[in-house]
Amino acid sequence: MRTKMVAGNWKMNKNLQEGVALATELKQAVKDPKCAVVIGTPFIHLATVAQLLQDSPIKVAAENCADHEKGAYTGEVSAEMVRSTGAEYVILGHSERRQYYAESYDTLAEKVRLALANGLKVIFCIGEVKEEREAGKQNEVVKAQLEGSVFSLTAEEWKNITLAYEPVWAIGTGLTATPEQAQEIHAYIRTLVAQKYGKEAAEDTTILYGGSCNEKNAAELFACPDIDGGLIGGAALVAEKFLAIIAAR
Ligand code: 13P
């Protein structure tokens, strides 16, 4: 049975004190979840939050890491540094990183490689923009994103990859993919993984849905056979909402 997961992506929200307050509230409420629970926080929060959640089932993720091992890259944070905070995951390939920071397939492939080499698990995001969906190109887009950055991994490395399908038109827009739309492409993504790594690996791969997933629509999305959980933005910033989504999984 593959891992079911609800992961939060705080993005560039919450100062340190606010982040600690939210993590504390989540820690008190999440004792024995039915699924894996991960929170992605800004770099600056990682060490404190990871320490706070040491004896909690909640795991911590960075939202990015550098595409270089170490050295003269002012302002960058390496995968090794992330791991040293106690964080176990890193979110890579988010559409906001692709769009605003011009992260290419090759850059992402290198970040994934370094993350895995440093013992991090990767939540790798893929998804099409509105024009691509309207042109019916969503399948070719996610295929190219997988082939461009993660399908060069070995079968052993693949075990540490969680995929997140996040249609860009649904992120922060309140416009959620319908369960049918999401299920259809999740099933397609699983077929691609099966072609590359075999049926068993595909069955074991966790594929999250992200994009205006909230406490109201989560249960319906999670009921789909190929949707293994969610990667949550806005609704992960409010404990009550995030907890309701975890309960829906
Ligand atoms: P929203 O849930 O705010 O739409 O964001 C989704 C997302 O980008 C998670 O990575």
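The values are calculated or read from the model by the stated rules, or taken from the named source; none is laboratory data. Everything numeric here is computed off the predicted structure, so don't read it as measured data. Reconstructed Cβ throughout: ideal geometry from the backbone, glycine too, with neighbour counts over all protein chains shown.
Exactly one residue out of 76, 128 is out of contact with any Gly (no Cβ under 9 Å at 6 or more places or on another chain) and closer than 27 Å to residue 222 by Cβ, and it is 128. Taking every residue in the stretch 33-48 that is under 18 Å from residue 234 (Cβ atoms) and free of Cβ contacts under 8 Å to residues at least 12 places away in the same chain and pairing it with any residue that is surrounded by fewer than 21 Cβ atoms within 10 Å (Cβ to Cβ) and acidic (Asp, Glu), at least 6 positions away or on another chain, yields no pair with a Cβ-Cβ distance below 6 Å. When 142, 129 are checked against the criterion of being surrounded by 19 or more Cβ atoms within 10 Å (Cβ to Cβ) and either among the β-branched types (Val, Ile, Thr) or farther than 21 Å from residue 100 by Cβ (or both), a single residue qualifies: 142. Residue under question is residue 227, and the condition is that it be surrounded by 17 or more Cβ atoms within 10 Å (Cβ to Cβ), over 16 Å from residue 143 (Cα atoms) and either within 15 Å of the ligand (Cβ to nearest atom) or in contact (Cβ under 8 Å) with a residue 24 or more places away in the chain (or both); does it hold? Criteria met by residue 227. Within the stretch 91-133, the only residue that satisfies the criterion of being more than 16 Å from the ligand (Cβ to nearest atom) and of a type in the set (Phe, Trp, Tyr) is 105.
Can you name the residue in the stretch 153-202 that is at pLDDT 95 or above and polar (S, T, N, Q) and, of all such residues, is nearest to residue 37 (Cα to Cα)? The extreme case among them is 162.
Could you list, in sequence order, all residues of the stretch 230-249 that are within 12 Å of the ligand (Cβ to nearest atom), in contact (Cβ under 8 Å) with a residue 12 or more places away in the chain and of a type in the set (A, V, I, L, M)? Break it down into steps so the answer makes sense when it comes.
If we filter the stretch 230-249 for residues that are within 12 Å of the ligand (Cβ to nearest atom), which is where we start, we get 230-238, 241-242, 245.
If we keep only those that are in contact (Cβ under 8 Å) with a residue 12 or more places away in the chain too, we end up with 230-237, 241-242, 245.
Across the stretch 230-249, the qualifying residues are 231, 232, 235, 236, 237, 245.
Pairs meeting the criteria (first residue in the stretch 73-89 and at pLDDT 95 or above, second residue charged (D, E, K, R) and not in a strand (DSSP E or B), beta carbons under 6 Å, at least 6 apart or on different chains) are 78/70.
What do you reckon, is residue 203 more than 26 Å from residue 102 (Cβ to Cβ), among the acidic types (Asp, Glu) and within 14 Å of the ligand (Cβ to nearest atom)?
Details: more than 26 Å from residue 102 (Cβ to Cβ): yes; among the acidic types (Asp, Glu): yes; within 14 Å of the ligand (Cβ to nearest atom): no.
Criteria not met by residue 203.
Residue by residue, here is whether (1) of a type in the set (Val, Ile, Thr); (2) touching a strand residue (DSSP E or B) at 6+ places or on another chain (Cβ under 8 Å) holds:
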| site | (1), (2) |
| --- | --- |
| 14 | no, yes |
| 39 | yes, yes |
| 57 | no, yes |
| 68 | no, no |
